[in-house]
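Here's the structure we're looking at; comments come further down.
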Amino acid sequence: MSRAEPVRTRARFAKQKAGQHTMALDGIVIANIVAELNTTLLGARINKIAQPEADELLFTLKGNNGQQRLLLSAGASLPLIYLTSANKPSPLTAPNFCMLLRKHIGNGKLVRIWQPGLERIIHFEIEHYNEMGDLCRKDLILELMGKHSNLIFCDDKGMIVDSIKHVSAQTSSVREVLPGRSYFIAVTQEKCDPLATSEEEFRAAVFPKPMPLAKALYNSYTGISPVIAEELCHRAGLESAQSANSIGELEQLHLYRQFELLMEDVREQRFQPAIIYDHGNTPVEFSSVPLTMYADMEQTRFDSASEMLEQYFAMRNTVTRIRQKSSDLRRIATTALDRCRKKYELQSRQLADTEKREKYRIYGELINTYGYDVAPGAKSFEALNYYTNEKMTVPLDGSLSAHENAQKYFDKYNKLKRTYEALSEHIQETEAEIAQLESICTFMDMALSEDDLVQVREELMDAGYIRRKYSGKKVKITSRPFHYISSDGFDIYVGKNNYQNDELTFKIAGNSDWWFHAKGAPGSHVIVKTNGKELPDRTFEEAARLAAYYSRSRGAEKVEIDYVEKKHVKKPNGAKPGFVVYYTNYSMMIDSDISGIREV
């Protein structure tokens, strides 16, 4: 069996960065969207205006490219914009802002779509006829700035007609966004335009700053996100964490060259929208320019930025929704787990106190053997311990006879022995309970749909953590194990919970099939169907990667995987779901990169 290479450094970097930043629309992705909208929507007429959410608009437009839908969201947690084919239900009564837009720009024509510099702002200039029949222009401005995001509707003189969010002086000391006020871009930080900067300006803006180099980049220029700043450092071969004011002259020049090449791609609209995934199915980042720092991770490229954003946020929303759906189950499981761990600590301390029981037994035996030589009232005596052939001092109670002293030690021994036997059994039960709850928490993290949570809930009910409500209806189980095909054509199945683990191992797997599991970590049972054939090394490695990925050790540089023919895997009587034993097995160290394994 050959050993697999450990996961590469850049993949670990990706996981680390994914944990640090939640990717948001930066100036480069917005430039990509603006270029796409100019190609697709310019000259189109607004057919419908809807406001499906309090901070969201959905335009239906008709032009030379047929009917298009444009979603604009100023949500504080998830501001976004993209073309979509999906419609969304709207409230029966349109909100005031929606009615205002319908009045002014219903049937209006998009004549200009532009982005100031690389700001996270898009202007939609719309031509329409007013009530007098005169041709007018209005400006709808989408600001994609996190919690400060807004949709602002202005007249041709730059005066605010209305906005989807009103911002008063009490709310912001920087800028009021209210009807009748002049519109301007709030300048909260002195940042430069990256599309119009020289080498001298770049050096002056970035390198005097006493802060990490990546931070100096995104603090100095508009539209540059932390991820793009990290990417620039990577392209220049520089450590992003080193202080910007410690960078040498040649390194400064090299970084500026990489910065200018990237800006040239933006100016020339050479965009390559893509989503980067971790070594599985979870989207980590998206970008409109290649992120070379994630070169060894799975990437999906798209023809348009809209497709990229729609898919990314749909997948992210799925993960978020499942986490919300599992929050009650997670709270029940983690509360029970904390209680079990405290119980285990207490039992372990009590068990440690019983370790002196053997000493009391030996004291009693030595008193019975040599006690006839002990003087009445003695506090101790020395005797040869025939178990170790060494002298030892035996403490005595001077008020008791030798026989009574011996009986006293035997009584202590028997009491501690009974305690030890009872505690040993209780500790095994507590350990099994902890293992079950840890596995339940792991499987909740793996859930991709609400169906995947059904059997997890059933297990919590069967274990007594949730009270079962008898409604007479049978619980419908639609979740099925993951199914992969190895590069050599072998079927690999992965359990999504403990019940599926048991089913895979003891019902689906044959004796000659191979069984895999992460050593010492809760996770999935992985079964490879051999169909009577000998497995190639590559299939062993791919199955091991799946076992590593679908375990609590996911993302570790190396994970130890036990694997054995299924006939050697046994389930003890009365064992909890998913718990098995095996006494002979092989092991390998592997990473958890499953990006090259095809899922059915």
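Bear in mind that the values in this text are calculations on the coordinates, not laboratory data. These numbers come from a predicted model, not from an experiment. Here Cβ is always computed from backbone atoms with ideal geometry, including for glycine, and neighbour counts include all displayed protein chains.
Per-residue ellipticity at 222 nm computed for the chain from its helices equals -12000 deg cm²/dmol, with DSSP H segments shorter than 4 residues left out and the rest contributing -39,500 (n - 2.57). Just flag the GluC sites (Glu not before Pro) in segment 240-337 sitting in loop per DSSP whose Cβ has no more than 12 other Cβ atoms within 10 Å. The qualifying sites are Glu268. Loop-resident chymotrypsin sites (Phe, Trp or Tyr not before Pro) (DSSP state other than H, G, I, E or B) in segment 345-394 with no more than 15 further Cβ atoms inside 10 Å of their Cβ: Tyr386, Tyr387. Bridgeable aspartates and glutamates around Lys408 (alpha carbons under 12 Å apart, same-chain partners fewer than 8 residues away excluded): Glu365, Asp397.
Residue pairs exceeding 20 angstrom between C-alpha atoms, taken from Lys359/Lys391; Lys519/Lys571; Lys496/Lys533; Lys62/Lys157; Lys507/Lys567: Lys496/Lys533; Lys62/Lys157. Here the Karplus relation 6.51 cos²θ - 1.76 cosθ + 1.60, evaluated at θ = phi - 60°, turns the backbone of segment 457-468 into coupling constants of 4, 4, 5, 5, 5, 4, 7, x, 7, 10, 6, 7 Hz, with x for every Gly and Pro. Summing Cβ point charges (Lys, Arg +1; Asp, Glu -1) relative to the Cα centre of the chain gives a dipole of roughly 2000 debye. Taking Cα atoms, how many degrees apart are the long axis of helix 96-105 and the longest axis of the chain, rounded to 10 and kept between 0 and 90? Taking Cα atoms only, the helix is inclined about 30 degrees. In segment 100-192, inverting the average of 1/r over every pair of distinct C-alpha atoms gives 14.1 Å as the Kirkwood radius.
Taking the charge dipole of segment 480-600 about its Cα centre, with +1 at Lys and Arg Cβ atoms and -1 at Asp and Glu Cβ atoms, the residue from Leu535, Gly520, Val600 reaching farthest to the positive side is Gly520.
Ala432 sits among other residues whose Cβ lies under 15 Å from its own Cβ, and their net charge, with Lys and Arg +1 and Asp and Glu -1, is -3. The spread of Cα positions in the chain, taken along each principal axis and listed from longest to shortest, comes to 123, 60, 52 Å. For segment 41-163, the pair-distance distribution built from all alpha carbon pairs, in bins 5 Å wide starting at 0, is 2, 11, 20, 26, 23, 13, 4, 1, 0 percent.
Annotation: peptides 432-444, 88-100, 536-548, ranked by per-residue average of other Cβ atoms within 10 Å with the highest first, follow the order 536-548, 432-444, 88-100. Just to confirm a number: summing +1 for Lys and Arg and -1 for Asp and Glu over residues other than Arg418 whose beta-carbon lies under 15 angstrom from that of Arg418, what do you get? It works out to a net charge of 0.
Between Glu260 and Thr292, the simple spin-label model (points 7 angstrom out along Cα→Cβ) gives 1.7 nm. Each peptide in 236-243, 502-509 was scored by the mean count of other Cβ atoms within 10 Å over its residues; highest first, the order is 502-509, 236-243. For segment 141-180, dividing the convex hull volume of the Cα atoms by the residue count gives 67 Å³ per residue.
Each Lys or Arg adds one and each Asp or Glu takes one away; over the other residues whose Cβ falls under 15 Å from the Cβ of Thr530, this sums to -2. Applying Stokes-Einstein at 20 °C and 1.002 mPa s to the Kirkwood radius of segment 331-443, computed over alpha-carbon pairs, gives a translational diffusion coefficient of 128 µm² s⁻¹.
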